[in-house]
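Enquirer: Below are the structure tokens for one structure; questions will follow.
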Amino acid sequence: MRAAVIYESMFGNTRAVAETLAEELARHMEVELHEVGEAPASIDASIGLVVLGAPTHGFTLSRPTSRQEAAGMTPDRLVSPGIGIREWLEAAEAAPGTRAVVFDTRISHVPGWAARAAARRLRRSGFTIFARPASFKVEKTLGPLAPGELDRARSWATELASAALSN
């Protein structure tokens with residue numbers, strides 16, 4: 001089985017989770033890791049699982065305006081300078097029944113989560129939601145990730161791989 005991990009990240013926190021997920025999934029299957037601006041818009045039938053990750057901006061998926069605000073905070077550290085997951089999903093095409101799962105990063109005491117919006121959009125784009133979304137906590141807007149979150153990501157990836165390979 002092959003998997004594609006596609007992420008959007010402003011300050012590196014979502015990228016760190018995506019890299020950890022890809023690393024752990026690669027212990028069980030072939031994995032491609034893509035920053036969203038470089039991700040293929042068409043997911044072919046050889047990809048059995050898509051893992052999509054996004055930061056939470058304004059209680060949901062980022063928009064061009066929220067990414068512009070983020071760029072103003074640390075223009076030298078910006079990871080995803082182009083499109084976001086929202087725009088990628090507008091153009092995304094997948095083989096019928098392609099399984100997908102989403103995760104987001106967010107500040108623990110702030111409501112809203114990007115994963116919920118991404119899951120709805122994935123369904124509309126023809127993907128089959130494979131597992132419940134996951135959220136990984138960051139301590140502040142710029143990060144870092146909360147202690148233990150990369151360990152949680154490893155565990156989640158192991159669960160995803162086990163479920164994907166058994167179905």
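The values are calculated or read from the model by the stated rules, or taken from the named source; none is laboratory data. On a predicted model such as this, the values are computed, not experimentally measured, just so you know. Positions of Cβ are generated from backbone atoms using ideal geometry, with glycine treated the same way; all protein chains shown enter the neighbour counts.
Enquirer: Based on this model, can you work out whether Glu149 counts as acidic (Asp, Glu) and buried (at least 19 other Cβ atoms within 10 Å of the Cβ)?
Expert: yes
Enquirer: Here is a check on your reading of the model: is Arg116 surrounded by 15 or more Cβ atoms within 10 Å (Cβ to Cβ), within 23 Å of Pro40 (Cα to Cα) and basic (Lys, Arg)?
Expert: On the way: surrounded by 15 or more Cβ atoms within 10 Å (Cβ to Cβ): yes; within 23 Å of Pro40 (Cα to Cα): yes; basic (Lys, Arg): yes.
Considered against the rule, which asks whether it is surrounded by 15 or more Cβ atoms within 10 Å (Cβ to Cβ), within 23 Å of Pro40 (Cα to Cα) and basic (Lys, Arg), Arg116 comes out as yes.
Enquirer: Among the listed residues Val5, Val79, Val36, which satisfies the condition of being of a type outside the set (Asp, Glu) and surrounded by fewer than 23 Cβ atoms within 10 Å (Cβ to Cβ)?
Expert: Val79
Enquirer: For Val51, only one of the following conditions fails: (1) closer than 19 Å to Trp156 by Cβ; (2) in contact with a Gly (Cβ under 8 Å, 6 or more places away or on another chain). What is its number?
Expert: (2)
Enquirer: Test of understanding: among Thr74, Thr98, Thr60, which residue is β-branched (Val, Ile, Thr), over 16 Å from Ala18 (Cβ atoms) and at pLDDT 90 or above?
Expert: Answer to the selection: Thr98.
Enquirer: Any chance region 64-83 includes a residue that's farther than 20 Å from Ala117 by Cα, of a type in the set (Lys, Arg) and in contact with a Phe, Trp or Tyr (Cβ under 7 Å, 6 or more places away or on another chain)?
Expert: Yes, there is a match, as at least one residue in region 64-83 is farther than 20 Å from Ala117 by Cα, of a type in the set (Lys, Arg) and in contact with a Phe, Trp or Tyr (Cβ under 7 Å, 6 or more places away or on another chain).
Enquirer: Something else now. Residues being closer than 23 Å to Ala70 by Cα and either touching a Phe, Trp or Tyr at 6+ places or on another chain (Cβ under 7 Å) or not small (Gly, Ala, Ser) (or both): count how many of those fall in region 126-146.
Expert: Within region 126-146, the subset closer than 23 Å to Ala70 by Cα is 134-146.
Keeping just the survivors that are either touching a Phe, Trp or Tyr at 6+ places or on another chain (Cβ under 7 Å) or not small (Gly, Ala, Ser) (or both) gives 134-145.
Result for region 126-146: 12.
Enquirer: Exactly one condition in (1) within 15 Å of Asp44 (Cα to Cα); (2) in contact (Cβ under 8 Å) with a residue 40 or more places away in the chain; (3) not β-branched (Val, Ile, Thr) is false for Ser125; which is it?
Expert: (2)
Enquirer: Same structure again: Is at least one residue of region 36-57 charged (D, E, K, R), farther than 14 Å from Glu149 by Cβ and in contact (Cβ under 8 Å) with a residue 24 or more places away in the chain?
Expert: yes
Enquirer: Then there is this: List the pairs whose first member sits in region 81-95 and is touching a residue at least 24 places away in the same chain (Cβ under 8 Å) and under 13 Å from Ser42 (Cβ atoms), whose second member is of a type in the set (Ser, Thr, Tyr) and not in a loop (DSSP other than H, G, I, E, B), and whose Cβ atoms are under 7 Å apart, counting only residues at least 6 apart or on separate chains?
Expert: Glu93/Ser42
Enquirer: Could you give every pair whose Cβ atoms fall below 9 Å, whose first residue belongs to region 140-162 and is free of Cβ contacts under 8 Å to residues at least 40 places away in the same chain, and whose second residue is among the polar types (S, T, N, Q), counting only separations of at least 6 or pairs across chains?
Expert: Filtered contacts from region 140-162: Ala146/Ser108; Asp151/Thr20.
Enquirer: Within region 131-167, can you find the residues that are in a loop (DSSP other than H, G, I, E, B) and either out of contact with any Ser or Thr (no Cβ under 9 Å at 6 or more places or on another chain) or of a type in the set (S, T, N, Q) (or both)? If you could, list the steps in order and put the result at the bottom.
Expert: In the first step, residues of region 131-167 are kept if they are in a loop (DSSP other than H, G, I, E, B); the result is 131-133, 139-144, 146-148, 167.
Ala131, Arg132, Pro133, Lys140, Thr141, Pro144, Pro147, Gly148, Asn167, listed by residue number.
Enquirer: Okay, moving on. Being more than 19 Å from Arg132 (Cα to Cα) and either out of contact with any helix residue (DSSP H, G or I) (no Cβ under 7 Å at 6 or more places or on another chain) or not acidic (Asp, Glu) (or both) narrows it down to one residue among Gly53, Gly37, Gly48; which is it?
Expert: Values: Gly53 fails: more than 19 Å from Arg132 (Cα to Cα); Gly48 fails: more than 19 Å from Arg132 (Cα to Cα).
Result of the check over Gly53, Gly37, Gly48: Gly37.
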